[in-house]
């Protein structure tokens, strides 16, 4: 998804053909209508989120709706100190650890699968549809199946075993689909050149493919991390006795009616934004470095 | 200079693709044993994860749907269709499916309309490529944040004392706060559209970006009106993106339970939220039977959509 956009500058169409007919010369009236629609969409997309970030900074009198009642960090302190709000710190730790493990596995497995799917092989369609099935299957049903499976095998469900697997069944299809988009923009000539120069298969992967595909791999990592970190439906029946952060948020939406809930929303969104920013930033950095070394 | 370089590189790639197209297309049947082995080696880690965590759980649910229960979460292996009979005979099932279909159709219509025009705007109206990518990323960022948080973020807006009611009261349009805004079917659809429009924008954006702008110029030169261009060029050529987006939106809405549960305030239920309640009271076989039926319905819908588009071709192209 984003990989497509991230990789665009590399294969970008020269800007002259980009200026297309409907918007050549003066702007047609449709431009203004669609620009208004787009603006409204973005406001509706971000507006509500910013409301809860703002409301999480109220003081002790704060409620769930506007107007703002004072300014303080009370609800953030409350979040990490009160027993009433559950084990936020522990679940936060677990979610981060789990997301890191999921990210590493997702990048490696998706990259390999991306390599495999470049050429047709017997049974490739089967594997492909298995992956699509894993993507569209209702998460809660899969989670229950995994939970029952562990129960039947006499294994304990926990965040690092059953929930890890359940989350991978969700992040891997995304990762491989992003790899497809990334690979389709990879120029096979470079790989051929590496072979012509006597590179082994492993050398061509390590010295040619991985550096060239680095921005795409960062995008896969971004998907792996954020999809795992926010995953809920598949973890619900598989996380065992210790909650991950989204499960903690879920139980809070059912019991807690204070701005603590919003404070947790602010904290978890900050983590997401840091990860998104770091990923997109490193993609831009890689592209820039490439641009300057190509000039020099 | 730079654009010339980009043009050259692009040209090379096209040539290579044209060359590849000239090769006899290698269907799986013609692949060598060596290529088969290499392919399977590369995808084996993927298969090793999906087999125990996708195939096996589905089979477990399928098996559980045929088991009997003691009513306390214990399952007795066996083969009985009792759960299916119970699910299919219950009037509740029909109601749940109707509610689920209602949510799915409404969400699909709104996400499609918004997603299509947002993508159209970004591809055809934003002239600066960098700006287009920037705006596209602006749309995708919330996708990488928590769905639950984005859902509850509607509470301060839609609530009885929320911003929208305050504004409407202030203007004097209404004299009593509207109660249908939050904890209603309307809130459920709003939350779905809020979360899922991105799943329409991305694939439609991708297929639209591949439309050759010369086609549209040619159409204009030939005297086509804006509406004709939309109807005869843009819509047919973004069909695959629409199909992909539809698969995402339909499968997520039909498989969802927490938006329905929270945003309807318990007033509405869908097939999966009923499943969730069944699991909560340890009614595993009934829940499993209902899940199997839902999965069949989903598979039918997805394969109908897949008939219109080869999504693998679409993604790898």
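The values are calculated or read from the model by the stated rules, or taken from the named source; none is laboratory data. Small disclaimer: the values here were computed from a predicted structure and weren't measured. All Cβ positions, glycine included, derive from the backbone under ideal geometry; neighbour counts span all protein chains shown.
So if I check each of B:305, B:220, B:242, which one is within 17 Å of residue B:108 (Cα to Cα), assigned to a helix (DSSP H, G or I) and modelled with pLDDT under 90?
B:305
Tell me which of these residue A:251 doesn't satisfy, since it passes every other one: (1) part of a helix (DSSP H, G or I); (2) more than 24 Å from residue B:279 (Cβ to Cβ).
Here residue A:251 clears every test but (2).
Grab the helices (runs of 4 or more DSSP H) fully contained in region B:92-209, keeping just those with 1 or more residues being touching a residue at least 40 places away in the same chain (Cβ under 8 Å) and under 25 Å from the mean Cα position of the chain (by Cα).
Where helices (runs of 4 or more DSSP H) fall fully within region B:92-209 and carry at least 1 residues being touching a residue at least 40 places away in the same chain (Cβ under 8 Å) and under 25 Å from the mean Cα position of the chain (by Cα), they are B:129-140, B:147-152, B:185-209.
Scan region A:136-160 for residues that are surrounded by fewer than 18 Cβ atoms within 10 Å (Cβ to Cβ) and either under 21 Å from the mean Cα position of the chain (by Cα) or under 23 Å from residue B:63 (Cβ atoms) (or both) and jot them down. Let's see the steps before the verdict.
Here is the first cut: in region A:136-160, the residues surrounded by fewer than 18 Cβ atoms within 10 Å (Cβ to Cβ) are A:151-156, A:158, A:160.
Correct list: A:151, A:152, A:153, A:154, A:155, A:156, A:160.
Can you spot a residue in region A:211-232 that is assigned to a helix (DSSP H, G or I), closer than 24 Å to residue A:174 by Cβ, out of contact with any helix residue (DSSP H, G or I) (no Cβ under 7 Å at 6 or more places or on another chain) and away from chain B (no Cβ under 11 Å)?
Yes, region A:211-232 has at least one match.
Check residue A:254 against each of (1) without any contact (Cβ under 8 Å) to a residue 24 or more places away in the chain; (2) more than 10 Å from chain B (Cβ to nearest Cβ); (3) under 28 Å from residue A:88 (Cβ atoms); (4) over 17 Å from the mean Cα position of the chain (by Cα) and name the one condition it does not meet.
Condition not satisfied by residue A:254: (2).
Matching residues to (1) facing chain A (nearest Cβ under 8 Å); (2) within 17 Å of residue B:213 (Cβ to Cβ); (3) buried (at least 22 other Cβ atoms within 10 Å of the Cβ); (4) touching a helix residue (DSSP H, G or I) at 6+ places or on another chain (Cβ under 7 Å):
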position: B:124; (1), (2), (3), (4): yes, yes, yes, yes
position: B:127; (1), (2), (3), (4): yes, yes, no, yes
position: B:135; (1), (2), (3), (4): yes, no, no, yes
position: B:138; (1), (2), (3), (4): yes, no, no, yes
position: B:157; (1), (2), (3), (4): yes, no, yes, yes
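Being closer than 17 Å to residue A:143 by Cβ and without any contact (Cβ under 8 Å) to a residue 60 or more places away in the chain is the filter here; which residues of region B:288-314 pass it?
B:294, B:298
Taking residue A:175, is it part of a helix (DSSP H, G or I) and either in contact with a strand residue (DSSP E or B) (Cβ under 7 Å, 6 or more places away or on another chain) or more than 19 Å from residue A:245 (Cα to Cα) (or both)?
Details: part of a helix (DSSP H, G or I): yes; either in contact with a strand residue (DSSP E or B) (Cβ under 7 Å, 6 or more places away or on another chain) or more than 19 Å from residue A:245 (Cα to Cα) (or both): yes.
Yes.
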